[in-house]
1. When you look at Leu112, is it in a strand (DSSP E or B), under 16 Å from Asn14 (Cα atoms) and under 23 Å from the mean Cα position of the chain (by Cα), yes or no?
2. I need the full set of residues from the stretch 53-85 which are surrounded by fewer than 11 Cβ atoms within 10 Å (Cβ to Cβ) and under 22 Å from the mean Cα position of the chain (by Cα), in order please.
3. Looking only at the stretch 134-161, which residues are farther than 21 Å from Thr102 by Cα and in contact (Cβ under 8 Å) with a residue 12 or more places away in the chain?
4. Could you please find all residues in the stretch 130-179 being over 20 Å from Glu106 (Cβ atoms) and open to solvent by 100 Å² or more (accessible area, probe 1.4 Å)?
5. Within the set of pairs 6 or more residues apart or between chains, which connect a residue that is assigned to a helix (DSSP H, G or I) inside the stretch 83-98 to a residue that is open to solvent by less than 50 Å² (accessible area, probe 1.4 Å) with Cβ atoms less than 7 Å apart?
6. Test Glu106 against the stated conditions and say whether it is out of contact with any strand residue (DSSP E or B) (no Cβ under 6 Å at 6 or more places or on another chain) and touching a residue at least 12 places away in the same chain (Cβ under 8 Å).
7. Considering each residue of the stretch 27-44, count those that are open to solvent by 20 Å² or more (accessible area, probe 1.4 Å), in contact with a strand residue (DSSP E or B) (Cβ under 8 Å, 6 or more places away or on another chain) and outside any strand (DSSP E or B), and give that number.
Amino acid sequence: MAGDLVAFWEVPLNDGLHRIEFEHGTTSGKRVVRVDGKNLVRREWMFKLVGDEVFKVGRTRCVIKVEPVGGFSYSYELEVNGKSYRRFTEIQTKAMRTWIVTIQDETYRVVLEKDTLDIWANGKKLEATGEFVEDGTETHFNLGDTPVYIKAVTSGKRREGIIHSLIVDDTIIPETIEQ
């Protein structure tokens, strides 16, 4: 019953953008946690309508907190790896760079984890080779049969730091901002 859907969140992880949905039947006591369209948690006839629902998306620990706000109204908050949803997405935005690119009719979501320099495409970690070049570094890998690379250069500004660019066929692909 779609009428019990009370909250949803889009969570950016290195293996993809995951949609988390929460159903809370306040008359039936039902709770359903759905991730990317698949049920992870399903509970029927719960008498306690408040409390935490703990689950994992891959290796990432998530908690939906159900709190009363008066009468038969409830608030729903998501925590990801011990941080509020808002704080977690802020941290992820700083720690990852994401590009969406289509090559030969296939769309790739490419993610660079800035702290580990791991590169992911469509949820799979890729083999990559880095090299120093005159103005920075280039990290080479393939998307399908197409060779591409991420170029890292200094911005020259302390607050901006290093600028990462995905380059496909000598074309810079604009970064995607996931919120």
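1. yes
2. Selection gives Lys56, Arg59, Gly82.
3. Asp135, Gly136, Thr137, Ala152, Val153, Thr154 - these are the residues of the stretch 134-161 that are farther than 21 Å from Thr102 by Cα and in contact (Cβ under 8 Å) with a residue 12 or more places away in the chain.
4. Selection gives Phe132, Glu134, Thr154, Lys157, Arg158, Arg159, Glu160, Ile177, Gln179.
5. Tyr85/Trp9; Tyr85/Leu78; Phe88/Val80; Thr89/Pro12; Gln92/Pro12; Ala95/Glu113
6. Yes.
7. Qualifying residue count for the region: 2.
The values are calculated or read from the model by the stated rules, or taken from the named source; none is laboratory data. Nothing here was measured: the structure is a model prediction, and the numbers come from that model. Heads up, the Cβs are rebuilt from the backbone with ideal geometry, glycines too, and the neighbour counts pull from every protein chain shown. Just the protein is used for accessible areas: all its heavy atoms, side chains included, with ligands, DNA and RNA removed. Shrake-Rupley method; radii C 1.70, N 1.55, O 1.52, S 1.80 Å.
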